[in-house]
Structures are given as C-alpha cells and as structure tokens.
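Here the structure is laid out as structure tokens; the discussion comes afterwards.
Derivation of every value follows stated rules applied to the coordinates shown; laboratory data play no part. All of these numbers come straight from a predicted model, not from anything done at the bench. All Cβ positions, even for glycine, are placed from backbone atoms using ideal geometry, and neighbour counts span all protein chains on display.
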C-alpha cells in the first residue's frame, strides 16, 4: 500500500510502500470508508483514596450496544453487513483529584444552517460520523468568536445540544414554575450518562420541576427579555457540567446570566457528581475496579 504522511510542521513527507499485512487496520475496512464504527466515553477515576472507580458503567454499555446495532445495519452502495469487529480499550485513569469551582463559562454560536442530527438518523448513537461532520461548523463558530456550536433543529429552531454535550436550562417557565429542562430523547439527542445522572439527582431532590421537553430559541429569547432565565449549562463525561454565558444568534449576542446566579445549581451538580466519581461520597453509581 502506498502511504504518504502529512504534518503541519513539515507538510507531505516522502511516499513509501508498506505490505498490507503490516498495517494495524486494513485500508478496505468499512470503518474508514463508511464510518461503520462507534466509540464510548466511559472514564476510570482515581479517587481520593487511590482506588479506581467507574461511573455508572452499565449505562455506557447499554448505549454501546444500541450504537452497535445501529452501526451494523447493512449500508448502501453494495456493502454487506460486517462479519468481523475490533474493539480497542484505552486504559487510563483520569486525575488528579477534582478541584470544585475551577470551570469557566463558554459562548455559543446558534445558526440553523448546520444540523447535528435529524429524525431517522443516528444522532442518538455514539458514532464517529456524527462528530466528524460537526467539525466544519465548530471551526466557523471559533472564527466568529464563540467556543462551541449550539445545535438547532427544525423550522422553529429547537435547541438540541451544545457541541458534544447535552444541554440544560434552569429557568422560571411559562407557568411561573422553577424548572430544569432538557430536550427529550426523540432520536436526535444522545442519551448522555451525565444527562441521565443530572435528571436522576434533580428528581430525587424534588426541589423544582424537572422536564424533558422541547425548547426553542423563541422560548429562550422571551425568557431572557422577561428575566426568567437562571442558569444554562452543557453536560457530558469530559467536563461534567459547563456553564453557558453567551449565545450569538441572528447576529445578536444574548447574555445568559448563569455566572451572576452563582452558578448555584450548575456548581451543585458539578460537586455532587465529582464527589461520587472520585470517592468522596459513597454511591452505588460508582463501581470499584480491583
């Protein structure tokens, strides 16, 4: 096989030919040609006691199984259903111990011309193709001075996800209730482990309404004008929670008052989940690794 390597520092290097049997991944692999592949984001946490813990690993395995069923559907172009698979596991506990309060708010770019996922697609599975197609929009967001993309969907500009994170809005809703809301799992939203954990915690606390509901940009802008928005944040394995402070939408910067409000709820979720993950609090969500 002819191989030509490229790097930013030196550009294209000298071509060379290497036997196919010496390659770790065959160049005809369907994962390279048709993105028939998936990955998971489960971490191992080195706790304050030096022990290694997994956080709700069965949720990751359930999602991986669902993604695998979706990824192995026979694609078009005459490619048949795969008969072999290869699983890589990177074993690397994360640390050092988490220091609470060390997170910064991000700004978002919301533009309906790019769509992360659609009904009938694979947005609810953790497939590489979902992420590869989002990089171009992410680059445009950076050029506009924003750090992440706020993905919109439909003619009514439904709010779906933030970059590669699930999204939460803590506000006073249309009925005057304190509510924590996140978009429903309708096929275009990834069922995040952190997302589910936040919903479980909030429902267990029972201090405010917890909803999986549609939220549009019109809903958000109206709530901002009426001072009903308290906090807005993304949630995922990498960051646990990430506060949102600004959204660029239709050429206008919308200020989200997350940081002015503590951010009390965002910090509470951050501290609670990290305490479980790093062994500062006992929980059946943490699974010890011998």
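Tabulated results
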quantity	calculated
Relative contact order for the chain, counting Cα pairs under 8 Å that sit 6 or more residues apart, in percent	20 percent
Max mean-square fluctuation residue, GNM over the chain, Cα-Cα springs under 10 Å, options 85, 235, 181	85
Burial ordering of 84, 43, fewest other beta-carbon atoms within 10 Å first	84, 43
DSSP beta bridges in the chain [antiparallel fraction, %, rounded to 5]	75 percent
Calculated FRET efficiency for the pair residue 69/residue 212, C-beta based, R₀ 22 Å, to 0.05	0.45
Exposure proxy order (Cβ contacts within 10 Å, fewest to most) of 1, 232	1, 232
Length added when fully stretched, residue 5-residue 200, from 0.36 nm per residue minus Cα-Cα	65.5 nm
Dimensionless Rg/Rh of the chain - Kirkwood Rh, Rg from C-alpha atoms	1.00
The range 162-179 and the range 144-158: distance between their alpha carbon centers, rounded to Å	15 Å
Residue order, fewest to most beta carbons within 10 Å, for 31, 134, 290	290, 31, 134
By average C-beta atoms within 10 angstrom, highest first, the peptides 187-200, 54-67, 17-30	187-200, 54-67, 17-30
Cβ-derived FRET efficiency at R0 41 Å, residue 25 paired with residue 49, nearest 0.05	0.60
Relative compactness, the range 106-277, computed as alpha-carbon Rg over 2.2 N^0.38 Å	0.97
Where labels lie 7 Å past Cα in the beta-carbon direction, separation of residue 89 and residue 143 in nm	4.3 nm
Ranked packing of 155-168, 272-285, most packed first, by mean Cβ within 10 Å	155-168, 272-285
